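**Student:** Below is one structure. I have some questions about it.
The values are calculated or read from the model by the stated rules, or taken from the named source; none is laboratory data. Here the structure is a predicted model, which is why all the values come from computation and not from measurement. Neighbour counts are summed over all protein chains in view; Cβ atoms, including those assigned to glycine, are modelled from backbone coordinates with ideal geometry. Heavy atoms of the whole protein, side chains included, go into the accessibility calculation; ligands, DNA and RNA do not. Shrake-Rupley method; radii C 1.70, N 1.55, O 1.52, S 1.80 Å.
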Amino acid sequence: MEGSTTSDIRALLKRARVVPVLTVEDDDDAVALASALFAGGLWMLEVTLRTKGALGAVERIARALPQAVVGVGTLTKVEEFAAAANAGARFAVSPGCTAALAAAGRKAAFPYLPGAITPSEVMAARDAGYTTLKFFPCKAAGGTGALAMLAPVFSDVVFCPTGGLTADDFRDYLAAPNVVAAGGTWMMPKDALARKDWPAVTRAAKAATA
Ligand code: 3PG
């Protein structure tokens, strides 16, 4: 029962392979940060709804970088689908899934990536029509070992792990057969962000796409 939105998210992730997860603390920096990532080859950008300015940042990034695909992350309430669509989001990501979010995701104007960690959560998401799932918080939930154990049980499900991935280990995740893409913040080094050192972000992005 894979709907068009769920197959679209898989295709998008398959093409992107690496998804930076941006939490925009300083509204003025959103476009500069997104541009630095885009210059490094990262074009699918997830902006988390964890800060007040997140939706405004999605709008500005979408306008400044029309070639990028900007979406929202940390979507935890049904009403956020409409807000995300109004801001010009091209996809949405949730850390988990509820029946209400799954239903809203099927009706959304853009592809939707809900999250699941446990076998029961994976089964519930799959019953709701989703076989492409975020796996968060990846490291705390068992990392590559947990994903490898889920693979033979759910051969039709692929994951986008996020949460704790690093420049040293994200390739281990991408090598797993049930991992379609990997997400996180490792390509936005904290010291580079503090210094607004955008060329350093571009270098880290390039390393993530090499
Ligand atoms: C997420 O929302 O996916 C995580 O916050 C990713 O962040 P991390 O790579 O710093 O764990």
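**Student:** Of PRO137, TRP43, PRO119, which is farthest towards the positive pole of the chain's charge dipole, taken about the Cα centre with +1 and -1 on the beta-carbons of Lys, Arg and Asp, Glu respectively?
**Tutor:** Value computed over the given set: TRP43.
**Student:** Another question about this same structure. Which whole-number percent gives the relative contact order of the chain, counting Cα pairs below 8 Å spaced six or more residues apart? List each step's numbers first, then the result.
**Tutor:** Values: 404 pairs, mean separation 47.6, N = 210.
Normalised by residue count, the contact order of the chain is 23 percent.
**Student:** Could you sort MET187, MET149, MET123 by accessible area so the largest value comes first, with the probe set to 1.4 Å?
**Tutor:** Numbers: MET187 0, MET149 150, MET123 90 Å².
Solvent-accessible surface, decreasing: MET149, MET123, MET187.
**Student:** Students sometimes get this wrong: rank CYS160, CYS97 by accessible area, probe 1.4 Å, all chains present, largest first. Before the final figure, lay out the partial values.
**Tutor:** Working: CYS160 5, CYS97 50 Å².
Putting CYS160, CYS97 in descending order of accessible area: CYS97, CYS160.
**Student:** Can you give me the solvent accessible area of ARG60 with a 1.4 Å probe, rounded to the nearest 10 Å²?
**Tutor:** Here the accessible area works out near 80 Å².
**Student:** What size of dipole, in debye to the nearest 20, comes out for the chain about its Cα centre when the only charges are +1 on Lys and Arg C-beta atoms and -1 on Asp and Glu C-beta atoms?
**Tutor:** Dipole of the chain, to the nearest 20 debye: 300 debye.
**Student:** List the lysines whose alpha-carbon lies under 18 Å from that of LYS134, not counting same-chain residues fewer than 8 positions away?
**Tutor:** LYS14, LYS77
**Student:** Sorted by accessible area with a 1.4 angstrom probe, largest first, how do SER35, SER94, SER120 fall? Numbers along the way, then the final one.
**Tutor:** Numbers: SER35 45, SER94 0, SER120 85 Å².
The residues order as SER120, SER35, SER94, largest area first.
**Student:** Summing Lys, Arg as +1 and Asp, Glu as -1, what charge do residues with Cβ under 13 Å from the Cβ of LEU33 carry, LEU33 excluded?
**Tutor:** Overall, the nearby charge balance is -3.
**Student:** Excluding ligands and nucleic acids, what accessible area in Å² is computed for TRP43 using a 1.4 Å probe, to the nearest 10?
**Tutor:** The value for TRP43 is about 50 Å².
**Student:** Using just the helices of the chain, give the 222 nm mean residue ellipticity in deg cm²/dmol: DSSP H runs with n ≥ 4 each add -39,500 (n - 2.57), and the total is spread over all residues, rounded to 500.
**Tutor:** Details: 10 runs with 91 residues, N = 210.
Taken over the chain, the calculation gives -12500 deg cm²/dmol.
**Student:** In region 6-209, carbon and sulfur make up what percent of the accessible area (probe 1.4 Å)? Present the calculation step by step, with values, prior to reporting the outcome.
**Tutor:** Details: 4970 of 8740 Å².
About 57 percent, which is the carbon plus sulfur part of the accessible surface.
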